[in-house]
Amino acid sequence: MPTRDLTQTAVRPSEATITCRGERFRRYLPADDIQERVEEMGRQISRAYADTVPILISVLNGAFMFTADLMRAIDTSCEVDFIKLSSYGDEKVSSGQVHELKSVDANLKGRDVVVVEDIVDTGLSMQFMLERLSAHDPASLRVATLLHKPEASEPDLTLDYVGFEIPDLFVIGYGLDYGQLARNVPDIYILDS
Ligand code: IMP
């Protein structure tokens, strides 16, 4: 089967390889495996927060899909709010500069907060966010990330719920983009190096 180019055609998953902005990616995490893991994470979070109403802080834009599925997998009461940080732009590597583009609206003082991220790569964004959110004086502050690149990441960062540990290669799909494309691909694809 020829490799589909996301910049040229409508998205029709699920193929073994796709190209996006001239780069070739191979399927790495099929949608079914992602759903299964997200449901496990939801059960884990439900158990941990059975006696409280946590607030999930979803990090826009990449975590919107994971957040929607994770929330549906949590079977106790929870709330959601959103924060937006500057992203990689159209690049595949971090600029090292993190800015807040949208802050949370909810009052987090005394709340049990769970930051929901699509991916922790260098960990710079997460560090920045945890510092920002700590200043709101929450009762507790934990992190749920679908993906983690341990080889790239700041070693001191504590990640409480991790979906999958992945190699230090660029990934797209399931909310993750390359120059804003591929967010709507249900499977996660990895750069075919
Ligand atoms: P970090 O600050 O390097 O940990 O990266 C934070 C943000 O960069 C993530 O929330 C993503 O939005 C984006 N990012 C990092 N790695 C990837 C990747 O492999 N694919 C797509 N986006 C990524």
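Within the stretch 129-147, the residues that satisfy the criterion of being touching a strand residue (DSSP E or B) at 6+ places or on another chain (Cβ under 7 Å), within 15 Å of the ligand (Cβ to nearest atom) and open to solvent by 20 Å² or more (accessible area, probe 1.4 Å) are 130, 132. When residue 95 is tested against (1) at pLDDT 95 or above; (2) surrounded by fewer than 16 Cβ atoms within 10 Å (Cβ to Cβ), only condition (1) is not met.
For residue 151, the conditions (1) touching an Asp or Glu at 6+ places or on another chain (Cβ under 8 Å); (2) surrounded by 15 or more Cβ atoms within 10 Å (Cβ to Cβ) all hold with the exception of (2). Test residue 173 against the stated conditions and say whether it is closer than 23 Å to residue 73 by Cβ, buried (at least 21 other Cβ atoms within 10 Å of the Cβ) and away from the ligand (no atom under 11 Å from the Cβ). For residue 173, the condition - closer than 23 Å to residue 73 by Cβ, buried (at least 21 other Cβ atoms within 10 Å of the Cβ) and away from the ligand (no atom under 11 Å from the Cβ) - is not met. For the stretch 176-187, which positions are near the ligand (Cβ under 9 Å from one of its atoms) and open to solvent by less than 20 Å² (accessible area, probe 1.4 Å)? Listed by number, the residues that qualify are 176, 182.
Here's the yes/no breakdown for (1) hydroxyl-bearing (Ser, Thr, Tyr); (2) more than 21 Å from residue 56 (Cα to Cα); (3) modelled with pLDDT of 95 or more; (4) within 11 Å of the ligand (Cβ to nearest atom):
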site	(1), (2), (3), (4)
158	yes, no, no, no
162	no, no, yes, no
166	no, yes, yes, yes
192	no, yes, no, no
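Checking each residue in the stretch 32-60 for being under 16 Å from the mean Cα position of the chain (by Cα) and among the polar types (S, T, N, Q) picks out 35, 58.
The values are calculated or read from the model by the stated rules, or taken from the named source; none is laboratory data. Small disclaimer: the values here were computed from a predicted structure and weren't measured. So basically every Cβ, Gly included, is an ideal-geometry build from the backbone, and we count neighbours across all protein chains shown. These accessible areas exclude ligands, DNA and RNA; they are computed on the full protein's heavy atoms, side chains included. Shrake-Rupley method; radii C 1.70, N 1.55, O 1.52, S 1.80 Å.
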